[in-house]
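Everything on this sheet refers to the single structure shown next.
FYI, it's all coordinate maths here, none of it is from the lab. Just so we're clear, the structure is a prediction, and the values are computed from it rather than from any experiment. Positions of Cβ are generated from backbone atoms using ideal geometry, with glycine treated the same way; all protein chains shown enter the neighbour counts.
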Amino acid sequence: MLLEQPKMSLRRSYANGYKYCSRCRVYYLTDSVRCPYCGILLRNSPRKKKSLRNTKVVKVPPEIEKESSKVEVAVKTT
């Protein structure tokens, strides 16, 4: 009887259902709570939140800011 080995991934894919073994340093796609090789508990979410270093900041030109201040919004209620 052949045992099916869990799928492994090198990319961080918690959103795709992968879990991380901190001892083996590998991501597995498995329903198990423990690593199939070493038995340690698998992580199913990252330890830290993503940093804001790689976020894009868009600067609005002053002409557009002036135009946006002139815009009027009217709400009609019936």
A chain fully extended from Val58 to Ser13 at 0.36 nm per residue, minus the present Cα-Cα distance, gains in nm 13.4 nm
Loop-resident chymotrypsin sites (Phe, Trp or Tyr not before Pro) in the stretch 27-78 with no more than 15 other Cβ atoms inside 10 Å, DSSP not H/G/I/E/B, are Tyr37
Measure off 7 Å from each Cα along the Cα-to-Cβ vector at Ser69 and Tyr37, then give the distance between these two points in nanometres to one decimal. 6.2 nm
Sort the following peptides by mean Cβ neighbour count (other Cβ atoms within 10 Å, averaged over residues), highest first: 59-70, 14-25. 14-25, 59-70
Using θ = phi - 60° and the Karplus form 6.51 cos²θ - 1.76 cosθ + 1.60, what ³J(HN,Hα) does each residue of the stretch 58-71 get, whole Hz, x for Gly and Pro? 9, 8, 8, x, x, 4, 6, 4, 5, 5, 5, 6, 7, 6
